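Undergrad: Sharing a structure here in structure tokens format.
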Amino acid sequence: MIKVYLDWNCITHCKDSLVELKELLQQYRHIFICPYGVAHLRDIQTNLNANPKEYEKDLDLLTHICGGHMILCNNDRLEVLNVTPREYLLDNGKDLDFLQNKFNFPYNSTRELLRIAFNPKDLHRIAVEDNPQNVIPLINSIVKKNLHVFDSIDALLKQTSAYRENTLEMRIKEIYFALDMLGYKSEAKTKSFSNIDTDAHHIANACICDYLISNDKKMRDKTKAIYSHIHCVTKVLDPQSFMKEIPKIAQQCYEDDLIPKVMSTNGIPTMQDDGAHYKALDYPLWGTFKYCYNANTLDSNMPGNMAIFRPGNFMFYDELRPLATITALGLPESQREAQIEHYIQSYVQSKPIEDFAFTLNGNNYKYDCLLTTQDNLPALRVSYDRI
């Protein structure tokens, strides 16, 4: 299923100005799933003592939208938990309350000290840059010119970081702080460090999802800059744009000619300094498979009409039913439910079905499909012929 990460601003406005978003996600719940993380719970904690009634309403709303779909990153180790917000807070609420309401850091004074090291004209160039993808390359050139011993923002942060874990979450957070401190879409001085840190935490969580939806343009632009820098394929949209996309996504991820179309545009990897990168599909195949690569890019002896499809980095348990439904698409209706249940139970027992073959006939193509596993996640091998 397509994983949509809503920042807290979006979720809280599902009570009023974004009711339509909540209704659309409910209508298309067979396609979309909305994970939540610690950052959402930290946002909720601001009302724990100030407004207990709103705190309870917030917990209920977060549960209604996200259910028990929690993602938790510990030192780059991803945990996928089946736990509701209230259940998680029973064991961890005091720690999150400290982080959000009591932990303090002299962020504004640190921001002023950092800016002293840079030419005001260079800071102005950063502040007025229109294209988020250009911001970090611009900062790299300015860092190299001003600080000499460092040739990039990454080298500077690596040297000055108080954190030594060097996890993806900390890297994203530090780049986010650096962008803000150097004047790119800076937050107001009245915004607390804990809230800025929570925003950065949302961005770190969302980088393993398909979409990040935020109503905050400053946050969206900083996110686009960071994701471009780390080659993250998560799409960043405002709620209104995403709501317009939802019906189109739901329709096009089941299009008859999607497989050959995406093979020609998504199947060839691009090479980056940190390895090969596959472009994410605009519309995941059957709402499940996010990446595609042509089989003959891995082995030139493989036919050109064969592709491998993969989901994202992780799956929730209740994503098994939509996936299991794929295994039954070619069966008579009387046999489908038994096959779906058989597939689900095989995963529950940690014995996933491998090499399950089926054939699909569309309007223009015949597809021979083989559902297997790669790296403990489902993978679909497809070859096609035009009818």
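The values are calculated or read from the model by the stated rules, or taken from the named source; none is laboratory data. Since the structure is predicted, the reported quantities are computational estimates derived from the model, not experimental observations. In this analysis, Cβ positions are derived from the backbone assuming ideal geometry, glycine residues included, and neighbour counts consider all displayed protein chains. Remember, those area values only see protein heavy atoms, side chains included, never the ligands or the DNA or RNA. Shrake-Rupley method; radii C 1.70, N 1.55, O 1.52, S 1.80 Å.
Undergrad: What are the pairs, 6+ residues apart or on separate chains, where a residue within region 369-387 that is within 20 Å of LEU323 (Cβ to Cβ) has its Cβ under 7 Å from a residue that is among the small types (Gly, Ala, Ser) and surrounded by 17 or more Cβ atoms within 10 Å (Cβ to Cβ)?
TA: THR372/ALA379; THR373/ALA379; VAL382/ALA307
Undergrad: Could you give every pair whose Cβ atoms fall below 7 Å, whose first residue belongs to region 116-128 and is touching a residue at least 12 places away in the same chain (Cβ under 8 Å), and whose second residue is charged (D, E, K, R) and open to solvent by 50 Å² or more (accessible area, probe 1.4 Å), counting only separations of at least 6 or pairs across chains?
TA: Note: pairs meeting the criteria are LEU123/ARG115.
Undergrad: Another question, then. For the condition of a type outside the set (Lys, Arg), within 30 Å of LYS248 (Cα to Cα) and loosely packed, with under 15 Cβ neighbours inside 10 Å, what is the one hit in ALA379, ALA357?
TA: Exactly one residue qualifies, and that residue is ALA357.
Undergrad: Just need a number here: residues in region 290-305 that are among the hydrophobic types (A, V, I, L, M, F, W, C) and either under 16 Å from the mean Cα position of the chain (by Cα) or open to solvent by 20 Å² or more (accessible area, probe 1.4 Å) (or both).
TA: 2
Undergrad: For region 276-293, does any single residue satisfy the condition of being more than 19 Å from GLN374 (Cα to Cα) and free of Cβ contacts under 8 Å to residues at least 24 places away in the same chain?
TA: Looking for residues that are more than 19 Å from GLN374 (Cα to Cα) and free of Cβ contacts under 8 Å to residues at least 24 places away in the same chain, one finds none in region 276-293, hence no.
Undergrad: Looking at region 24-55, which of the residues that are of a type in the set (D, E, K, R) and under 27 Å from ASN313 (Cα atoms) is most open to solvent (accessible area, probe 1.4 Å)?
TA: Once the filter is applied, the top-ranked residue is ARG29.
Undergrad: Condition first: more than 20 Å from THR288 (Cβ to Cβ) and not in a helix (DSSP H, G or I). Now tell me which residues in region 1-31 satisfy that.
TA: Within region 1-31, LEU6, ASP7, ASP16, SER17, LEU18 qualify.
Residues are listed down the side, and each one gets a yes or a no for (1) under 22 Å from the mean Cα position of the chain (by Cα); (2) part of a helix (DSSP H, G or I); (3) among the basic types (Lys, Arg):
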position	(1), (2), (3)
ARG42	yes, yes, yes
LEU48	no, no, no
LYS57	no, yes, yes
ILE65	yes, yes, no
MET70	yes, no, no
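Undergrad: Still on this structure: Inspect all residues belonging to region 153-173 and state whether any of them is within 22 Å of HIS30 (Cα to Cα) and open to solvent by 20 Å² or more (accessible area, probe 1.4 Å).
TA: no
Undergrad: Here's a follow-up. From the list LYS290, LYS279, which one is of a type outside the set (Ser, Thr, Tyr) and at pLDDT below 75?
TA: LYS279
Undergrad: Residues in region 220-228: is at least one touching a residue at least 40 places away in the same chain (Cβ under 8 Å), surrounded by fewer than 21 Cβ atoms within 10 Å (Cβ to Cβ) and of a type in the set (S, T, N, Q)?
TA: yes
Undergrad: If SER346 meets every condition in (1) in contact (Cβ under 8 Å) with a residue 40 or more places away in the chain; (2) outside any loop (DSSP other than H, G, I, E, B) apart from one, which number is that one?
TA: The single condition SER346 does not satisfy is (1).
Undergrad: In region 121-143, which residue that is more than 21 Å from THR110 (Cα to Cα) and open to solvent by 30 Å² or more (accessible area, probe 1.4 Å) is modelled with the lowest pLDDT?
TA: SER141
Undergrad: Ok, one more. Taking into account only those residues within region 197-219 that are among the β-branched types (Val, Ile, Thr) and surrounded by 22 or more Cβ atoms within 10 Å (Cβ to Cβ), which is nearest to ILE136 (Cα to Cα)?
TA: ILE203
Undergrad: Ok, one more. Taking TYR384 as the residue in question, decide whether it is open to solvent by 30 Å² or more (accessible area, probe 1.4 Å), closer than 20 Å to HIS30 by Cα and part of a strand (DSSP E or B).
TA: When the stated conditions are applied, TYR384 does not pass them.
Undergrad: Please count how many residues of region 96-120 are at pLDDT below 75 and either surrounded by 10 or more Cβ atoms within 10 Å (Cβ to Cβ) or farther than 21 Å from ILE44 by Cβ (or both).
TA: 9
Undergrad: Looking at region 291-321, which of its residues are assigned to a helix (DSSP H, G or I) and among the aliphatic types (A, V, I, L, M)?
TA: ALA295, LEU298, LEU320
Undergrad: Can you pull out the residues in region 315-336 that are within 28 Å of the chain's Cα centre (by Cα) and either at pLDDT 80 or above or open to solvent by 20 Å² or more (accessible area, probe 1.4 Å) (or both)?
TA: Matches in region 315-336: MET315, PHE316, TYR317, ASP318, GLU319, LEU320, ARG321, PRO322, ALA324, THR325.
Undergrad: Over 24 Å from MET302 (Cα atoms) and either open to solvent by 30 Å² or more (accessible area, probe 1.4 Å) or in a strand (DSSP E or B) (or both), is that true of GLN339?
TA: Criteria not met by GLN339.
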